[in-house]
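All remarks here apply to the structure that follows.
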Amino acid sequence: MDQIIRWAVAALLGLVFVGLTFNRISRTATESGLPYSLFGDIQDSVIGTVNGLWPWIRTRPVAPSPTLRPNQTTPHHHHRQFVPLSPNLTTCHLSYSRQVLPVYCCPPKPESEEPFIDFEFPDPETHRVRIRRPVHKLDRAFISKYQKALAKMKSLPLNDPRNFMRQANIHCIFCTGAYNQMHSNSPLNIHRSWLFFPFHRMMIYFHERILASFMDDGDDFALPYWNWDNPEGMLLPKMYMNGSFFDTERDQSHVYPSVADINFGGVESGLSDKDQIETNLRFMYHQMISGAKRTELFMGCAYRSGENGSCNGPGTIELAPHNALHTWVGSNLNPQRENMGTFYAAARDPVFYAHHSNIDRLWEVWRDLNEHKLDIHDPEWLDSHFFFHDEKLRLVRIRIRDVLNISKLGYAYEPIDHAWVNARPMPSMPPNIARQILQQKKQQTLQYFVQKQDFGPKGRRLSTNVRLEVERPKKQRSREEKIREEEVLVVYGIEVVRDVYAKFDVFVNAVNVNTIGAESREFAGTFVNVQKGVRHVKKRSSPAILKLGISELLEDLEADEDESIFVTLVPRGGTGENIFVGGVRIEYIH
């Protein structure tokens, strides 16, 4: 056995050397604009072989670089210990777009070679609170100074981390798995889990401070937010059509004055402006209130460190409006709707930062609506950390616990009214009539409903609508039980077979899903897959899981005492051919 291990170690070292050599060659090829397919194929083979050998010979986790040694102890190989998530800055590697076009988002110089400092809050005695305002309410003076600062950011050389493309590449790196985790061979991703909100808060915070440093009077500068959840703000703001704010890679049918479809399904809704606004408001009520009554439903699943700690369960707001609007803005003329419509390029559009400023604001709104009772206190989440350059070119380590109080960060959001708070959806028809019709269809046409809730090991392709009856484990729950436990409709085993945009909506007790949408109470939620724009060299990601809070929905549909409910999965925009689903069930979350 010792001889086998020694052989494996020697082989691994040789492969690492070859891999590093081709990584250097590929970087040179990329920077020179040379074809990459040969280098990429060889590197894929090398990395794949290394990943295959690694589990057999590893006796301890990957050691961190000396510059980035964390305070936590290394976890034992057999017994999982407290290990927060963080990137291993020595591991940045290539991503790929459109199968053949290489995308190298890594910084020119490895950040692991830089010293870092720990984040410190701005001094409240010397720093005024900066107020983030809606884009549609900005005055000309503010727009002018913001535009000039952004132009300055774009003019900086690429070796300056404050450069606009370097800022955009931060998103590319962390959304395409270009960094591995510290203490693990697993890639680190910040979407589809509880990392989504805090990571983006960190990213736009440092972006904001860098922009402010380019202004003579930047002490009070704050990123504006695209207020797409408010009727007055449901337009792509005019500001982004001019100067340094402009991006050529947008869907020209969706620019000002088109009303945004914040649950965009890949094709135009066909609604009038008035009806689109009303649908948007009712959709927001669902995503922020009735469908977000538990932490996991809003924040996403608990993503842990290590090879077995990953999860793929995004929360309500990340799925939509977040994902949906990324796709709505991105150019329909590009294969992956670049820029906004694919993760590797999204932050190249300046509207990205206003979009995420509003996402960040809604996180605070949700926390306030729930009186901070649903905040996360898990130490692994609180101490998970990332690295960003600040306005003084310093590399800063910042933990999630550092960004949970925006007052301490020195900014606030201008208060606005939320029309969606009172936009509770109504059933599209009387619930008792709907139930009778569905029961009749069940008895008269056996093929109308799928007979099993679990679709088997291969899953079921959503090439057409899928209808099924789902048993409820608990009937006639008391008011106390409903408060204590949220009933959750779970769509599991979701796989998007290619890196493409994909979407399906979920309805409960809906008689005709072709005539209703997110404005109706029967709408239970949506799943939206945004393209990463990359081809991973590692194993495929785990299947996704969609958890939809339905306690309030069942009450409104007068189905909270029924033994079962009728569920319909509706693929959108012709994307169902690329979606497989493992099954549907009901569970309960405390």
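The values are calculated or read from the model by the stated rules, or taken from the named source; none is laboratory data. All values derive from a computational prediction rather than experimental measurement. A quick note on method: Cβ atoms are made from the backbone with ideal geometry, for glycine too, and the neighbour counts reach across all protein chains shown.
For Asn169, are the conditions met, namely being under 30 Å from Asp217 (Cα atoms), in contact with a Cys (Cβ under 9 Å, 6 or more places away or on another chain) and crowded, with 23+ Cβ neighbours inside 10 Å?
Working: under 30 Å from Asp217 (Cα atoms): yes; in contact with a Cys (Cβ under 9 Å, 6 or more places away or on another chain): yes; crowded, with 23+ Cβ neighbours inside 10 Å: yes.
Against the criterion (under 30 Å from Asp217 (Cα atoms), in contact with a Cys (Cβ under 9 Å, 6 or more places away or on another chain) and crowded, with 23+ Cβ neighbours inside 10 Å), Asn169 qualifies.
Suppose we filter the range 411-466 for residues that are on the phi > 0 side of the Ramachandran plot and crowded, with 18+ Cβ neighbours inside 10 Å; how many remain?
Within the range 411-466, the subset on the phi > 0 side of the Ramachandran plot is 456, 459.
Of the ones still in play, those that are also crowded, with 18+ Cβ neighbours inside 10 Å are 459.
Number of matching residues: 1.
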task: Run Leu393 past the list (1) part of a loop (DSSP other than H, G, I, E, B); (2) closer than 29 Å to Asn263 by Cα and report the number of the one that doesn't hold.
output: (2)
- request: Output the residues belonging to the range 306-333 that are at pLDDT 95 or above, farther than 21 Å from Glu495 by Cβ and part of a loop (DSSP other than H, G, I, E, B).
  value: Ser331, Asn332, Leu333
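Name every residue in the range 552-588 that is assigned to a strand (DSSP E or B) and over 22 Å from the mean Cα position of the chain (by Cα), in order of residue number. Step through it out loud before you land on a result.
Here is the first cut: in the range 552-588, the ones assigned to a strand (DSSP E or B) are 564-571, 579-581, 583-588.
Listed by number, the residues that qualify are Ser564, Ile565, Phe566, Val567, Thr568, Gly583, Val584, Arg585, Ile586, Glu587, Tyr588.
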Neighbours by Cβ (under 6 Å, 6+ apart or cross-chain): first from the range 212-227, within 16 Å of Asp139 (Cα to Cα); second part of a loop (DSSP other than H, G, I, E, B): Asp220/Arg128; Phe221/Met215; Pro224/Arg133; Pro224/Leu138
task: Those residues that are outside any helix (DSSP H, G or I), in contact with a strand residue (DSSP E or B) (Cβ under 8 Å, 6 or more places away or on another chain) and either crowded, with 23+ Cβ neighbours inside 10 Å or modelled with pLDDT under 95 (or both), I need them from the range 191-221; list them, please.
output: Arg192
message: So in the range 227-275, with the set limited to residues that are aromatic (Phe, Trp, Tyr) and part of a loop (DSSP other than H, G, I, E, B), which one is modelled with the lowest pLDDT?
response: Tyr256
query: Can Gly533 be described as outside the structural domain of Arg348 (by TED's automatic domain parsing) and modelled with pLDDT under 95?
result: yes
message: Among the residues of the range 304-313, are any in contact (Cβ under 8 Å) with a residue 40 or more places away in the chain and within 22 Å of Gly573 (Cβ to Cβ)?
response: yes
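Tell me whether the range 531-543 contains one or more residues that are within 24 Å of Thr279 (Cβ to Cβ) and among the β-branched types (Val, Ile, Thr).
no
When the residues of the range 124-148 are narrowed to those that are aliphatic (A, V, I, L, M) and surrounded by fewer than 18 Cβ atoms within 10 Å (Cβ to Cβ), which ends up farthest from the chain's Cα centre (by Cα)? Show your work before the answer.
Here is the first cut: in the range 124-148, the residues aliphatic (A, V, I, L, M) are 129, 131, 135, 138, 141, 143.
Then drop every residue that is not surrounded by fewer than 18 Cβ atoms within 10 Å (Cβ to Cβ), which leaves 129, 131, 138, 141.
On the way: Val129: 28, Ile131: 25, Leu138: 28, Ala141: 33 Å.
Step by step, filter the range 124-148, then rank; the result is Ala141.
If a residue has to be under 15 Å from Ala222 (Cα atoms) and either in contact with a Leu (Cβ under 6 Å, 6 or more places away or on another chain) or not aliphatic (A, V, I, L, M) (or both) to count, how many in the range 118-139 make the cut?
Within the range 118-139, the subset under 15 Å from Ala222 (Cα atoms) is 122, 127-139.
Now narrow it down to the ones that are either in contact with a Leu (Cβ under 6 Å, 6 or more places away or on another chain) or not aliphatic (A, V, I, L, M) (or both): 122, 127-128, 130, 132-134, 136-137, 139.
The total comes to 10.
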- request: Determine the pairs where a residue that is not assigned by TED's automatic domain parsing to the domain that holds Tyr413 and crowded, with 24+ Cβ neighbours inside 10 Å, located within the range 336-357, has a partner that is at pLDDT 95 or above and β-branched (Val, Ile, Thr) with Cβ atoms under 6 Å apart, the partner being 6 or more residues away or on another chain.
  value: none
message: Pairs needed: first member in the range 230-249, assigned by TED's automatic domain parsing to the domain that holds Leu325; second member anywhere, β-branched (Val, Ile, Thr) and in a loop (DSSP other than H, G, I, E, B); C-beta distance under 7 Å; at least 6 residues apart or different chains.
response: Asn230/Ile416; Leu236/Val255; Met241/Val255
